[in-house]
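Right, one structure below, let's go through it.
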Amino acid sequence: MGDSGLKRKTAKGLLWGGIGNGSMQLLNLLFGIFLSRLLSPSDYGVVGALTIFSATAGIFSESGFTLAIVNKKEVGDDDYNAVFWFNVAAGIFFYLLLFFLAPLIAAFYNQPEMVPLARFLFLGFFFGALATAPSAYFFRNLMVKTRSQVQICAIIVSGVSGVVCAFYGWGYWGIALQTVLYSATTALLLWAQSPWRPSFSFKWNSLKALLPFSTKQLLTSLFTHINNNFFSVLLGRFYGMMQTGFYTQGSKWTTMGYSTISGMINSVGQPVFRETGDDEARLRRVFYKMLRFASFVSFPAMFGLAIISRELIVISVTAKWLPCVPVMQILCVWGAFMPISTLYANLFNSLGRPNIYMWNTIALGIAQLLCVMLSYPYGLNVMLVAYTALNVMWLFVWHYFAYKHIRLSLWEVVKGITPYMTVSLAVMAVTWIATSAISGPVVSIIVKITMAASLYSLLMWILKSVVFRESVAYLKSQFKR
């Protein structure tokens, strides 16, 4: 595929990735507002404390085969069949395992009522395992639009159901129902839209060919999820469900922000890098362009979320959740850099070097665990600051390997990131100072968003940002159709 064809394909994928992920986050925001008003921090804490178990089981059930399918040069029915039947067997095994371990998990938290909740909540990862094969098919073929539509429908169905249950006093069962229904609906709709269908055929050689790549992805995902959810386990064990609820709420809002951008990158990153992997110079150009785009979107979005966090929490979920505001603001700093880390991950996977991604992630995970264990006695905010600083600094480690394998210079990366980071910080600082006297949360958030967006766009135009001009031109061309 030529540069112009790849550029159009990438732009379309990014557009639909942005629309899909943006719509999903807005819907999650809407349903989250209703649930947060109806439920207590403890309700969120109970479900949040179980997340690490379901996430870990989900990783083992999927076992890295989605990216293994995407990265393989030639894929046939035998490959999809092998992945499908393995995922089904793994999903059943791990669900039954956690079903019988539920009483021990509840005893660990001193929460006997967790037993039936856990057994129901864990169904979510089983439905996710059923969807691995069709999801990999859509991902490999850059069918971003269809995947986005499926996910949006699933969020609507699960969100409405969760809110209705919470309204009628089901408490944390509303969150659990929302989680399970999302996975089940996603699986059902993916299969309804997928042109591929499984057969009663399982060839070990097909699965074996995927194992070298998928095993490394499994270990990488395992360490990533354990570290991402370690805060919930630690807080639930030592600080109680109330503090866990505040962390879960703050983290949820921040994740909505950077997941939208990372989702755009993930929807096209690895398939596009794979297309250019045989030409090192071309791969560097494509990576650099995507780096600038990620920086152009991520820094203003996440820094902007930080300055409106207080108003957003008061308006949406009421002042009872104000203790989660510092959590949001600290995590927004790391969230601004998260899409850049995602780009590096996609790069290494597309090069067929998942071992780099795996060992880097494991090393980072160990460093994160040490960081958390050393800092948690000083309080949640100190722990989060140390965690954020470590993750940002680790980008230099990721870059070392990028330089080693495609000769991507640090200066090019810094040059691509710095203008957008600097302008975003300046714009948010001016906006924060200019609106500090506004007391009403509704007026304050409207003025902040309007002012920050206008200033950022104006400065991008004055500075003649290529990414800004290309993005505007592409959007105009789409609206003219």
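For this structure, a couple of remarks:
- The stretch 332-349 - residue that is within 21 Å of L222 (Cβ to Cβ) and of a type in the set (G, A, S) and, of those, modelled with the lowest pLDDT: A345
- The helices (runs of 4 or more DSSP H) found entirely in the stretch 395-475 that carry 1 or more residues being more than 27 Å from the chain's Cα centre (by Cα), in contact (Cβ under 8 Å) with a residue 24 or more places away in the chain and in the same structural domain as S295 (by TED's automatic domain parsing) are 410-434, 441-462.
- The requirement of being surrounded by fewer than 22 Cβ atoms within 10 Å (Cβ to Cβ), of a type outside the set (A, V, I, L, M), in contact with a helix residue (DSSP H, G or I) (Cβ under 9 Å, 6 or more places away or on another chain) and farther than 28 Å from T248 by Cβ is fulfilled somewhere in the stretch 337-354, by at least one residue.
- Of all residues assigned to the stretch 227-239, none qualifies as being outside any loop (DSSP other than H, G, I, E, B) and either in contact with a strand residue (DSSP E or B) (Cβ under 8 Å, 6 or more places away or on another chain) or modelled with pLDDT of 70 or more (or both).
- The set of residues in the stretch 57-77 being among the aliphatic types (A, V, I, L, M) and modelled with pLDDT of 75 or more consists of A57, I59, A68, I69, V75.
- Matching residues in the stretch 159-176 - criterion: being buried (at least 17 other Cβ atoms within 10 Å of the Cβ) and either in contact (Cβ under 8 Å) with a residue 40 or more places away in the chain or more than 27 Å from the chain's Cα centre (by Cα) (or both): G159, G162, V163, A166, W170, G171, Y172, W173, G174, I175, A176
- The helices (runs of 4 or more DSSP H) falling completely within the stretch 67-134 include none with 2 or more residues that are free of Cβ contacts under 8 Å to residues at least 24 places away in the same chain and surrounded by 22 or more Cβ atoms within 10 Å (Cβ to Cβ).
- Selection count where residues are surrounded by 16 or more Cβ atoms within 10 Å (Cβ to Cβ) and either in contact with a strand residue (DSSP E or B) (Cβ under 9 Å, 6 or more places away or on another chain) or closer than 13 Å to R147 by Cα (or both), scope the stretch 187-207: 6
- Options Y357, Y378: the member that is surrounded by fewer than 18 Cβ atoms within 10 Å (Cβ to Cβ) and at pLDDT below 85: Y378
- Options S36, S40, S54, S23: the member that is modelled with pLDDT of 70 or more, of a type outside the set (K, R) and closer than 25 Å to Y172 by Cα: S54
- Of all residues in the stretch 139-158, those satisfying the criterion of being without any contact (Cβ under 8 Å) to a residue 60 or more places away in the chain, in a helix (DSSP H, G or I) and surrounded by fewer than 20 Cβ atoms within 10 Å (Cβ to Cβ) are T146, C153, V157.
- Verdict on I417 being closer than 16 Å to S295 by Cα, among the β-branched types (V, I, T) and modelled with pLDDT of 90 or more: yes
The values are calculated or read from the model by the stated rules, or taken from the named source; none is laboratory data. Note that the structure is a prediction, hence the values are computed from the model and not measured. Quick reminder, even Gly has a Cβ in these numbers, built from the backbone with ideal geometry, and neighbours come from all protein chains shown.
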